[in-house]
Amino acid sequence: MVSGRMGHLVPSSSRRWWALSLVAAAQFIVIMDTSIIGVALPRMREDLGFSQENLSWVFNAYVVAFGGLLLLGGRLSDLFGARRMFAAGWAILLVGSVVAGTAASVPMELTGRAVQGAGAALIAPSALTLLMMLFGGAPRELTRALAWYGAAAPAGGTAGVFLGGVITEYVSWPWVFYVNIPVAVVALLATPALMPSGAAGGRSSVDWAGAATVTAGLGAAVYGIVAAPQVGWDSARTWLVLAAAVALLLAFVAIQARRRQPLMRLAIFRTPNLGGANLAQLLLGGAWIPMWFFLNLYLQQVLGYSAFPSGAALLPMTVLIMVGMIVLAPWAINRFGAKSMVVTGMVLLAAGMGWLSLARSDGTFLVDVLPASLVAALGMALAFIPSLGTAISSARPEEGGLASGIVNTSYQVGSALGLAAMTAVAAAFGADRLGDRDALTTGFSAAFIGAALIAVVGALVAAAALRKPAPVSGGAEPADLVANR
């Protein structure tokens with residue numbers, strides 16, 4: 001063990017990379033749990049008695065708990081130690097997986113999924129904090145570590161589609177939840193040996209009033225956004241929920257402004273690059289997730305692919321993202337700087353989605369999907385790592401958990417907002433007419449164009465808001481900010 005930048009004990013060089021594998025596994029599982037249930041949903045509806053309208057809440061219960069609790073999870077990581085919260089998150093995820101797998105009723109199933117989301121909300125920000133503790137003193141290694149961490153997300157999303165299909169077809173749907181259990185057990189056993197023993201944040205008390213208002217506010221916002229396509233954007237229920245979310249978040253800001261030890265120091269957003277990088281992550285999620293969602297629908301509902309082949313059709317895009325994040329992005333960041341890569345990546349993502357909008361109702365995978373999806377994948381690979389690295393490395397070391405919670409929240413809320421908005425756009429242009437391939441294609445094309453516009457806005461925001469950190473004396477950049485170049 002050696003001492004790190006914050007006085008914590010960091011594992012030796014070889015063990016740091018083993019620790020990174022555990023951090024990447026955390027990201028893999030957190031994302032996989034959002035996609036692995038897709039193929040299993042019809043079987044769950046039959047066995048548990050879900051209505052068609054309520055079935056989407058098997059997904060939404062996880063997303064609402066995850067998005068609503070991320071900020072609290074990041075702050076708890078700072079106050080009580082990232083390693084401790086990382087382990088607690090795995091324990092909670094394990095419990096939620098058991099409850100979801102053994103559920104015999106709809107309420108029990110949704111409770112299990114919400115508990116899984118709560119565990120993920122502790123795992124995600126503490127994992128990023130641990131990554132910074134492990135590699136923050138070595139800029140080039142930090143960029144490589146962030147690349148592996150980032151590549152785990154698309155791998156988890158695609159693996160979820162594959163595993164969900166295989167498990168549902170050849171075993172039974174509860175195993176889409178039980179698959180988390182051995183991973184969680186290994187993580188709990190390995191965490192004490194591999195992860196740095198960073199000290200907790202001292203005697204600071206938890207701002208429970210702030211935690212309650214921000215968690216309820218974010219939860220209400222995510223709930224309102226994901227439910228709006230189902231109940232209608234013009235529904236009084238939708239606007240009441242969103243109004244309550246705004247009121248709760250305003251109350252949270254007022255509480256933070258008055259407290260001596262707030263959950264989130266409001267001045268953190270005056271940190272150079274932090275606000276711009278988080279906005280870039282929000283817009284990146286708002287563009288990427290709708291593209292992934294509607295590309296799946298195009299493959300299945302227009303080209304006629306079943307769930308498993310549609311997952312296979314996404315493999316080239318997933319492989320390119322992983323290679324791009326691990327190999328190309330670190331080189332490009334060192335060569336051209338983070339800001340240039342965020343802007344370039346967003347532009348490429350927009351171009352790929354614009355190309356996908358030209359897909360035909362009688363199209364083919366090789367002509368209408370593959371080339372455009374690869375351009376979009378390259379854009380995602382280039383934009384994600386530098387915007388993520390800038391967001392978490394711009395904050396004070398002792399606020400690493402909070403910064404990680406904020407950036408995870410930005411991406412998740414952006415994803416939910418973008419998907420809800422593009423779902424409304426697609427339906428307005430005919431995507432709600434199941435069986436009509438021409439109408440479906442027109443609706444999906446409109447969603448691709450809308451997502452491309454979000455990516456264009458992201459490129460403009462990155463160009464205007466991100467800047468190179470000021471050098472320290474002697475002309476060298478601070479070690480923990482080199483990733484922001």
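Here, each number is a calculation from the coordinates, and none is a lab measurement. These numbers come from a predicted model, not from an experiment. So basically every Cβ, Gly included, is an ideal-geometry build from the backbone, and we count neighbours across all protein chains shown.
Structure data summary
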read-out: Pair residue 18, residue 439: separation of 7 Å Cα→Cβ label points (nm); value: 5.9 nm
read-out: Sequence ranges 117-127, 444-454, 256-266, 61-71, ranked by mean other-Cβ count within 10 angstrom, highest first; value: 117-127, 61-71, 444-454, 256-266
read-out: More than 23 angstrom apart: percent of Cα pairs within the stretch 8-204; value: 42 percent
read-out: Degrees between helix 208-231 axis and first principal axis of the chain (Cα, 0 to 90, nearest 10); value: 20 degrees
read-out: Cα gyration tensor, the stretch 252-318 - rounded (a/c under 1.5), prolate or oblate; value: prolate
read-out: Separation of the residue 43 and residue 235 label points, Cα + 7 Å toward Cβ, nm; value: 3.0 nm
read-out: Square roots of 5 times each gyration tensor eigenvalue, C-alpha, the stretch 271-485, largest first, Å; value: 35, 17, 13
read-out: Ratio Rg/Rh [Cα only; Rh per Kirkwood] for the stretch 207-262; value: 1.11
read-out: The chain - percent relative contact order, Cα under 8 Å, separation 6 or more; value: 21 percent
read-out: Per-selection Kirkwood Rh - the stretch 242-355 (Cα, Å, 1 d.p.); value: 17.8 Å
read-out: Extension gain (nm, one decimal) between residue 326 and residue 246, 0.36 nm per residue minus Cα-Cα; value: 24.9 nm
read-out: Against the rule of thumb 2.2 N^0.38 Å, how large the Cα Rg of the stretch 111-251 comes out; value: 1.36
read-out: Cα centroid of the stretch 302-373 to Cα centroid of the stretch 32-76, whole Å; value: 26 Å
read-out: Full-stretch length increase - residue 105, residue 178 - with 0.36 nm per residue and alpha-carbon distance subtracted; value: 24.6 nm
read-out: Helix 236-258 vs. the chain, principal-axis angle (Cα, 0 to 90°, nearest 10); value: 0 degrees
read-out: Ratio Rg/Rh [Cα only; Rh per Kirkwood] for the chain; value: 0.95
read-out: Between 0 and 90°, nearest 10: helix 106-135 axis offset from the chain longest Cα axis; value: 40 degrees
read-out: The chain, helix-only ellipticity at 222 nm - DSSP H runs n ≥ 4, -39,500 (n - 2.57), divided by all residues, nearest 500; value: -25000 deg cm²/dmol
